[in-house]
Amino acid sequence: MAALLFVLDALVTLVVIAFLLRLLLPMVRADLRNPIGQAVLKVTNPVVMPLRRMLGSAGHIDLASFVALLLVQLAGTAALRLVAGGGLALLPVLVRALQDLAQAVLQFYFVAVLLYALLSWIGPAGHGAAAHLLGRLCEPLLAPVRRIVPPIGGLDLSALFVLIGLQALQILLR
């Protein structure tokens with residue numbers, strides 16, 4: 001049973017990440033014409049496009065993508081609770097889904113910032129679609145920290161402080 005729950009949780013997390021990217025990439029003005037952007041659009045279009053016809057956008061936030069992300073997380077949380085033998089009372093499932101979504105967003109950004117920092121050490125930034133997308137996603141978090149903590153001896157410590165902050169937020173949500 002534990003293995004089944006692990007696999008289901010991993011699949012739910014991957015789908016949630018795809019919908020999270022669908023929401024975030026346009027917000028950071030990332031180019032969606034690369035293979036990663038195209039994959040995200042293909043995976044999420046069947047849910048987002050019908051919602052878009054009903055909801056539209058709200059400023060810089062794609063309301064249809066936001067609602068789709070919430071619905072996917074809610075369905076995933078309900079499925080996990082059902083397989084684990086838990087109840088499906090609406091309020092506990094909704095609260096757990098919001099907690100799971102917050103944890104997924106924090107974990108996503110933790111991994112993204114870590115990968116972005118590692119890529120900056122390995123070679124010049126900006127090579128490849130993944131590095132470009134990571135830059136677009138991470139810079140809104142790193143830039144404010146850079147204004148407070150300037151590079152020390154040419155070493156940019158902003159990623160370290162952002163990672164510590166993200167980890168602290170994850171601990172607070174547990």
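The values are calculated or read from the model by the stated rules, or taken from the named source; none is laboratory data. What you are looking at is a predicted structure, and each value in this text was computed from that prediction instead of being measured. All Cβ positions, glycine included, derive from the backbone under ideal geometry; neighbour counts span all protein chains shown.
The table for this structure:
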item: Within region 129-174, tally of residues that are charged (D, E, K, R), part of a helix (DSSP H, G or I) and more than 22 Å from GLN103 (Cα to Cα); result: 2
item: Of residues in region 53-65 being surrounded by fewer than 21 Cβ atoms within 10 Å (Cβ to Cβ) and under 19 Å from the mean Cα position of the chain (by Cα), the one modelled with the highest pLDDT; result: LEU63
item: Options GLN73, GLN99, GLN103: the member that is polar (S, T, N, Q), closer than 22 Å to LEU166 by Cβ and either crowded, with 16+ Cβ neighbours inside 10 Å or in contact with a strand residue (DSSP E or B) (Cβ under 8 Å, 6 or more places away or on another chain) (or both); result: GLN73
item: Check on ALA68, of a type outside the set (Ser, Thr, Tyr), farther than 18 Å from LEU5 by Cβ, surrounded by 14 or more Cβ atoms within 10 Å (Cβ to Cβ) and modelled with pLDDT under 90; result: no
item: Any hit, region 41-48, residues being surrounded by fewer than 18 Cβ atoms within 10 Å (Cβ to Cβ) and of a type in the set (D, E, K, R); result: yes
item: Selection status of VAL105, closer than 24 Å to ALA168 by Cβ, assigned to a helix (DSSP H, G or I) and modelled with pLDDT of 95 or more; result: yes
